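Novice: The structure's right below; bear with me while I get my questions together.
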Amino acid sequence: MTLKDLNERFGLENALVFEEGAGGLVRAVVDNQHATAEIYLHGGHVTRFRPHGSDEVLWLSEQAVYQAGKAIRGGIPIVWPWFGPHPSSPDQPQHGYARTAAWDVVGTEQEVNNTTRLQLRLRPQPATQPSGQLDLIITVGSSLELDLTTRNLSNEPFTFGCALHTYLAVGDIDQVTIEGLEGGRYIDKLDEEKRKVQSGAIRIGREVDRVYLNTDTTCTVVDPSLRREIRVAKGGSLTTVIWNPWAEKAASMGDFPDVAFRQMVCVETANTADDVRTLAPGEAHTLWAAISVDSL
Ligand code: TA6
């Protein structure tokens, strides 16, 4: 569908327009009375969210690559239908293929409270056709909500893992604490997958890659340097992943500026580890996250 067709069919006056973004990729730009946001059809990828009067909430790499086959670094990558390496096929892409696939627009709506909704659908992929259909509803208001719904269209059980791999922008990681996971058990991906217990709020002073288990709590990223806190509420998920690459890993990634690890942290709403889901034929599951920001 051309930009002209997209805007004629799905554009919303004074709220949502489709335009050519970085790399010539199509993006939706939302600008309503609450906030501005950007969503690329490539990967169904939210790249920016900024409530009016606030700074940008999502971290987006200045070195991100915008091209077919490559995931945009930052924003909210869609991880599906597996989290991390493929469970049995090492040649499959890390974090699945939803984040590098073309998504279709299936609907837009300006709601009564002037929030703006965009519904995207992942085009059927040979690897899962017709098993799993994936829909993403993005609602832009004073908070940002993503609802990721997997439907099993086959007549066999469909097992999948997924995540909203959210990169949050912070002023100075050294001053940040993450609340909400105190006392929780987690898998330490950097220490032989050992299962440990979180003592107090999370502070980050080195590479951190942890899968917190059996948790449905809201996480709060307290950021004194920007005098704000970002809350990530969630549903349909019992695992939360906390990740910061720190210096060495950041330097090893070509699309990640060497010192940018100080301005970001990932708080990922997931179904992974003990929380991978299986759908019976015809069943659906929705994972959702709601991201909001308040001044300190
Ligand atoms: O969510 C944390 C993680 O699984 C890390 O292990 C790291 O690999 C990160 O995702 C980023 O993965 P990506 O494939 O986007 O470089």
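Novice: Tell me which residues come under 5 Å, amide H to amide H, from LYS234 once H is placed; ignore anything under 5 positions away on its chain.
Specialist: Residues meeting the criterion, in which the H sits 1.01 Å from N, are ALA290.
Novice: Show me 239-245, 104-110 ranked by packing, highest mean number of other Cβ atoms within 10 Å first. Please list the in-between numbers first.
Specialist: Values: 239-245: 22.9, 104-110: 15.6.
Going from most to least packed, we get 239-245, 104-110.
Novice: How would you rank HIS95, HIS285, going from fewest to most other Cβ atoms within 10 Å of each one's own Cβ?
Specialist: The most exposed by this proxy come first: HIS285, HIS95.
Novice: What distance in nm separates the simple spin-label points at GLU207 and SER142, each placed 7 Å from Cα in the Cβ direction?
Specialist: 4.1
Novice: Let me ask something else about it. Just subtract the alpha-carbon distance of GLN94 and LYS249 from 0.36 nm times their residue separation and send over the number in nm, one decimal.
Specialist: Working: separation 155, 0.36 × 155 = 55.80 nm, distance 1.60 nm.
Stretched fully, the GLN94-LYS249 segment lengthens by 54.2 nm.
Novice: I would also like to ask the following. One-quarter of the Cα convex hull surface for the range 195-296, in nm²?
Specialist: 8.4
Novice: Sticking with this one: Name the long-range amide H neighbours of VAL265: under 5 Å, sequence gap of 5 or more, or other chain; modelled H, no Pro or chain starts.
Specialist: Here the answer is LEU168, VAL170, since their amide H atoms fall under 5 Å of that of VAL265.
Novice: Compute the length gained on full extension between ASP5 and ASP55: take 0.36 nm times their separation in residues and subtract their Cα-Cα distance, giving the result in nm to one decimal. Before the final figure, lay out the partial values.
Specialist: On the way: separation 50, 0.36 × 50 = 18.00 nm, distance 3.26 nm.
Length difference between fully extended and current span is 14.7 nm.
Where a number appears in this text, it was derived from the coordinates with a stated rule and is not lab data. Predicted model only: the values in this text are computed from it and were never measured. A quick note on method: Cβ atoms are made from the backbone with ideal geometry, for glycine too, and the neighbour counts reach across all protein chains shown.
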